[in-house]
């Protein structure tokens, strides 16, 4: 069994020192890896990333993350990423990472994702250049996610996002803002390539559990939703969801 601890929307600030680390000191007893689903900082400042790095460094399990919209706010994303990587966090954006565990391997494909909405109420790549650019960001993110999952040949594959791929985990949020919380294109990428679990954050007033149209479990791990430092999900490599995707 592979035990995955996950959390998103930590929103660590300069005043957050000591708030997270006590809950993480014994995380290795509960989980084999810690996945972080974006919005790790309040405003995307390097000093905030420094605080988070001190909170998570040396906790005893592999750590993989994507950044969120808050982490990009101050145009210091490279410095935020660098500080977290110095602390041992693997930060992904259109990339993959493999965690080798005793008896099994965990593959993570990570993208931030973006908005656009869901089937029946979604933006399209048509009209003004601004709208085309908006939708193109999501198209490119979904393409990178599908390609990353296709590359992974691990026992278990997880898609790590910040934005939501399905409506299910947005229930509780105002429907008017759904297009800014995620896109169905991310779910299409997951269902095309296949994986065993999707993790995301961003929707603070959403719900934890959802599923893609193709049957892949989706979990919203934003801390305001899970109401704890992290949630743990157990995946059995022997019963992993069948892979149906290809890169063709």
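Arranged from fewest to most other beta-carbon atoms within 10 Å of their beta carbon, 132, 42 become 132, 42. The DSSP beta bridges internal to segment 25-135 are antiparallel in roughly 55% of cases. Annotation: the residues 111, 90, sorted from fewest to most other C-beta atoms within 10 Å of their own C-beta, follow the order 90, 111.
Distance from the Cα centroid of segment 74-153 to that of segment 174-230 is 13 Å (rounded to whole angstrom). Put in order of Cβ neighbour count within 10 Å, fewest first, the listed residues 100, 11, 73, 200 become 100, 73, 11, 200. A protection proxy built from the mean count of other Cβ atoms within 10 Å ranks the segments 14-20, 145-151, most packed first, as 145-151, 14-20. Its relative contact order, with pairs defined as Cα atoms under 8 Å and 6+ residues apart, puts the chain at 21 percent.
Quick note: the coordinates plus some simple rules give every number you see, no bench work behind them. Here the structure is a predicted model, which is why all the values come from computation and not from measurement. Note that each Cβ is placed from the backbone with ideal geometry, even for glycine, and that neighbours are counted across all protein chains shown.
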